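Heads up, the thing below is written out as structure tokens.
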Amino acid sequence: MGEFEVHRVRFFGLVPAGVRCLACHPRGARLALARTDGTVEVYNFAANYFQEKVIPGHEARSVESLCWAAGDRLFGAGLGGDITEYDLSRLSAARGVDGGGGPVWSLAANGTGSQLAIGCEDGSVKIFQVVPGGIQFERNLDRRKGRVLCLSWHPSDTHIVAGSIDFFRVIDVTSGQTVQRIMVNHHVEKAKRECVVWAIALLSRGTVVSADSFGRVQFWDWEQGTLAESHTVSTSAALSLAVSEKEDSIVVGTSTGATYQLQLLPVKLGGLEKRWVRTKPFQYHSHDVRAVAHSPTALISGGLDAQLVIRPLMEKIQKKGYDAALRKFTFPHRRLVSCARKARLLLFQFSQHLELWRLGSTEETGKDGEVLPLCRMPEHLVQLKSKGPEHIYCSCVSPCGTWIGYSTASRFQLYRVRCDGDGVSLRKVPRVPKLLPPAYQLQFSADSDSLFVASARGSVHVLQLLEPGGCKHLHTVRPPSGCSEAVYLLAPSADGHWLAAVSGDWVIHIYNLKCFKHHCVVPTYSCAVSALAIHPSTNNLVIAYSDQQLFEFSIPEKQYTSWSRAVQSRGLHRAWLERDSPITHITFNPKNPAHILLHDTYLLCVLDKSLPLPDDSTLLMNQSTLKQLPETARKRQLHAFKICKKFQPLLFMDLLDENCLVVVERPIMDFKTQLPLPVQQKKFGT
């Protein structure tokens, strides 16, 4: 695999924000997720659940509810009182309309996606019309005392059910009047505390399903105003629920971190009478499960522990494959760390500040696996705070460590860094070229003379960095056929000749930086690009896709290499393809041009192109087995993939030099200790 001195970094204090709400696309192709810090993310089911879009949060913008409407338009609402439409091409909050009823607690679209209903702090339910370019207020429905915490439309769009504290009500959309008001605790003797209806659903056959703070899932006949069934699923609150498209399955999230599935099953085998039965409990979260969704093939839950869990329904899956794997996503599918190799610095990106650290060093040597004592400890050099309420989109430090750049939704900032002995000074670069913000990705050239700024509509700005601390705009490269999506990945070549750019339509464009002309387009593939890099000696572009496929494209020859064609002809190992975490970074070993280093959240891999690819009958992770074999037998069983799972969860990896590697980990328990305490539960034997 190769021997490296490894800097094992665990001082990146990232605490991912909890999941606040989920919205499954009506056609089941995408999942929208909002976090407690206002960040909105979109996952693509067809691209192996890849996190294809991220819209950073804003301190003044909370998101309590999300919904899809009018096809692929995404709307959100929160305690600021606005309804916001998100521009998924420019990755920004596009338009905001005041709801007119104070903080907005709930938002739901009707079946056709032409109307939005919002539930407000003042007890009102308001209808908005979805029109090209935005939304328009249509009318108020009947207002009652008490904030409206949850909403649901009838599939026929004739009624809306609204949940509040101690009651819910059914509203006729045509007349705007409340036709039924049901107290959820009227049958409980001496109910001393209020009952909060946290989630609600109105089924096509007229049944209302409610989840409340007493831990109950209740089924009501709203026309008669009677309770049909009641299931106590938790000793604490039931916070969220979602219904399948066929209305025969419900998933419920609770404040204990448990999720439950309820299914509509026949009372007798072959009989017509059916009842709701609690069938499957799952305990994948440690904290409140505030959001759940029900796709055709999976139960999806998001917790305040920052985890997104996708639990497949095996009875709905025809064959084993990507859809059959349990997935847990905690960390973003993008890099939040950048490295200055020559200066041995690391830049950590948080939501509203950056931290610059100098790596420690040692003068000792040791055996494989031995921990060496440090002669100089890691040093926190600078904390750079972003002004204003906007969260940071992207950041980068130059390879020489003397430049730092970052961007928010409205500002692009560039700083000059000077290290004088033990002191560090930052100076803001004045008169930065007026580029249309935000920048979606920043990347410095290998010689630190240029900065590439990924922008909207597939364009990339090229800036020249000047001494002692300035910059000027050289050129803007764009796809010749145009593009509506923003660029989200960049890869410059080490010789400064080429630049690869990937936009949200998953097309890879190659530009010649000597003449600033478009060179070629990599053949289109049906999945999202998760990482790419250009080999320093061959100028071959190595591409990792979200379905775990690997390609190598020769930029000078404008075609796939013979090795890449052999990989696609033979196929990659099944265990490699069934991984659920995408490759997020690729780099190369200058000492051995045949080696490609790549990593995801759970493994570090050295891919040796000079060795044969393994077939499915071969063990993919065979390093421990090979160590026990004699030399001749070992050579027969060698294959291209050398995998290490020692470092987890792995947020970043890069080569500092040919013998030195830096890895950045963020152990789950390290950040969970910084979360609020979960609901205390009595455990047997304690």
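The values are calculated or read from the model by the stated rules, or taken from the named source; none is laboratory data. Nothing here was measured: the structure is a model prediction, and the numbers come from that model. Cβ coordinates were reconstructed from backbone atoms using ideal geometry, including for glycine residues, and neighbour counts include every protein chain displayed. Only protein heavy atoms, including side chains, enter the accessible area calculation; ligands, DNA and RNA are left aside. Shrake-Rupley method; radii C 1.70, N 1.55, O 1.52, S 1.80 Å.
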**Request:** Measure off 7 Å from each Cα along the Cα-to-Cβ vector at ASP505 and GLN464, then give the distance between these two points in nanometres to one decimal.
**Result:** 3.2
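Would you mind counting up the charge near CYS394? Only other residues with Cβ under 11 Å from its Cβ, with Lys and Arg at +1 and Asp and Glu at -1. Mind showing how you got there, number by number?
Values: positive: ARG334, ARG335; negative: none.
Net of charged neighbours comes to +2.
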**Request:** Under 1.5 on a/c is rounded, so check that first for region 214-324, then, if it is not, pick prolate when a/b is larger than b/c and oblate when it is not; a ≥ b ≥ c are the square roots of the alpha carbon gyration tensor eigenvalues.
**Result:** oblate
**Fill in**
Taking 0.36 nm per residue of separation between GLU59 and VAL679 and subtracting their Cα-Cα distance, the length gained on full extension comes to 220.5 nm
**Request:** Kindly flag which residue pairs out of LYS609/LYS642; LYS280/LYS328; LYS145/LYS192; LYS192/LYS274; LYS328/LYS387; LYS342/LYS591 have an alpha-carbon separation exceeding 23 Å in this structure.
**Result:** LYS192/LYS274; LYS328/LYS387
**Prompt:** Can you work out the FRET efficiency for the pair ARG193 and GLU229, with r the C-beta to C-beta distance and R0 = 22 Å, to the nearest 0.05?
**Reply:** 0.45
**Where labels lie 7 Å past Cα in the beta-carbon direction, separation of ASP122 and SER617 in nm** = 7.4
**Item:** Largest to smallest accessible area among ARG478, ARG144 [probe 1.4 Å]
**Value:** ARG478, ARG144
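By the scheme Lys and Arg +1, Asp and Glu -1, what is the net charge of all other residues having a beta-carbon under 9 Å from that of PHE167? Numbers along the way, then the final one.
Numbers: positive: ARG144, ARG169, ARG181; negative: ASP166.
Local net charge: +2.
Counting helices only, and only those DSSP H runs with n ≥ 4, report the 222 nm mean residue ellipticity of the chain as the sum of -39,500 (n - 2.57) divided by its residues, in deg cm²/dmol to the nearest 500.
Details: 5 runs with 30 residues, N = 686.
Mean residue ellipticity, 222 nm, calculated: -1000 deg cm²/dmol.
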**Message:** Can you compute the modelled spin-label distance between LEU374 and ARG8, with each label point 7 Å from Cα toward Cβ, in nm?
**Reply:** 1.3
**Prompt:** How big is the gap, in Å, between the Cα center of region 23-67 and the Cα center of region 69-130?
**Reply:** 14
**Prompt:** Between HIS497 and LYS514, what length in nm is gained on full extension when 0.36 nm per residue of separation is reduced by their alpha carbon distance?
**Reply:** 5.5 nm
**Prompt:** Want the number for VAL179 to GLU364: 0.36 nm per residue separation, take away the alpha-carbon distance, what's left?
**Reply:** 58.7 nm
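Sorted by average packing, counted as other Cβ atoms within 10 angstrom per residue and highest first, what order do 51-58, 368-375 take? Write down the numbers at each step before the final one.
Details: 51-58: 22.4, 368-375: 9.6.
Averaged packing, sorted descending, gives the order 51-58, 368-375.
Please report, in debye to the nearest 20, how large the charge dipole of the chain is about its Cα centre when each Lys and Arg carries +1 at its beta carbon and each Asp and Glu carries -1 there.
Values: 77 positive and 63 negative charges, 39 e Å.
About 180 debye.
Just to confirm a number: summing +1 for Lys and Arg and -1 for Asp and Glu over residues other than VAL209 whose beta-carbon lies under 10 angstrom from that of VAL209, what do you get?
Working: positive: none; negative: GLU229, GLU247.
Once all neighbours under 10 Å are counted, the net charge is -2.
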**Prompt:** At a probe radius of 1.4 Å, what is the per-residue accessible area of LYS328, in Å² to the nearest 10?
**Reply:** 70
**Prompt:** Residues in region 348-367 near a label at LYS428, defined as backbone nitrogen under 17 Å from the 7 Å Cα→Cβ point?
**Reply:** 352-354
**Asked** Does the chain come out rounded, prolate or oblate, given a ≥ b ≥ c as the square roots of the eigenvalues of its C-alpha gyration tensor, rounded meaning a/c under 1.5 and, failing that, prolate meaning a/b above b/c?
**Response** prolate
**FRET efficiency estimate (nearest 0.05) - Cβ-Cβ, LYS268 to GLN129, R0 51 angstrom** = 0.60
**Request:** Mind giving me the FRET efficiency for GLN648 and GLN568? R0 is 30 Å, r the Cβ-Cβ distance, nearest 0.05 is fine.
**Result:** 0.50
**Fill in**
Note on region 55-143: alpha-carbon gyration tensor, axes a ≥ b ≥ c; rule is a/c under 1.5 for rounded, else prolate if a/b larger than b/c, else oblate; result oblate
